[in-house]
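Down below is the structure, laid out as structure tokens.
The values are calculated or read from the model by the stated rules, or taken from the named source; none is laboratory data. Keep in mind the model is a prediction, meaning the values are calculated, not measured. Quick reminder, even Gly has a Cβ in these numbers, built from the backbone with ideal geometry, and neighbours come from all protein chains shown. Areas reflect the complete protein model, heavy atoms only, side chains present, ligands, DNA and RNA absent. Shrake-Rupley method; radii C 1.70, N 1.55, O 1.52, S 1.80 Å.
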Amino acid sequence: TKAIAREPFTATILTVIDVKEGGVGDRVCVDFTSYLEKGEGMLVGSSASSMVLVHSETIESEFVPVRPFRVNAGAVHCYTLMANGTTKYLCEIISGDEVAIISTRGNVRAAVVGRLKIERRPLIQLLWRDGNGKEAHTFLQQAETVRLIEKPNIPTPITEVEIGAELIGSSNSSGRHLGLAISAEVHEV
């Protein structure tokens, strides 16, 4: 993988305001052609302007073996940050694309996608508020192996995240159209 010629990642603290059943939907696992490390993952959200850091499957679990090349990223409609600074829907990522891999240390690097694995799974809807009062959400698979980074850098299973938890993510004010930042005001609810 190659490094991204960008500034280091500046985390935003997202405060969880609700965690609820999200029904059954199509979720996307992103498998990379290289290994990820503990503390690394992808930014994912239902809005391109506010995303949560979803940890890679680099932590031992009693349920499945470690998959250090994978991020169980979320529902097909969710956005993620690409290595070139644009965003894409998870379902639009293809083999060979480069996704931004974010670390809890603030590092950003590119990782090449090997494949997507899309399956119907039970989901959890996670809702949060950033420091400016902006609310956003995402849908993630209801599984102990899907982890978010709780302040201060604790990988926490989505099944254990509670209201009031402070999660690491990203939030900005620019709208997006076709994955590119634009100056127009965009509302995504």
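Annotations
- Fraction of accessible area attributable to carbon and sulfur, segment 7-107 (%, probe 1.4 Å): 51 percent
- DSSP loop chymotrypsin sites (Phe, Trp or Tyr not before Pro) with at most 15 other Cβ within 10 Å: longest gap in the chain: 64-189
- Cβ-based charge dipole, the chain, positive-most Cα from 94, 139, 172: 94
- Placing unit charges on the Cβ atoms only, positive for Lys and Arg and negative for Asp and Glu, gives the chain a dipole magnitude near 440 debye about its Cα centre.
- Against the rule of thumb 2.2 N^0.38 Å, how large the Cα Rg of segment 19-77 comes out: 1.19
- Lys/Arg +1, Asp/Glu -1 at C-beta; the chain dipole; positive extreme among 10, 82, 163: 82
- Average accessible surface for the chain: 48 Å² per residue, computed with a 1.4 Å probe over protein heavy atoms with every protein chain in place.
- For the options 170, 49, 61, a Gaussian network treatment of the chain with springs between C-alpha atoms closer than 10 Å singles out 61 as fluctuating the most.
- Under the criterion of Cα pairs below 8 Å and six or more residues apart, the relative contact order for the chain equals 32 percent.
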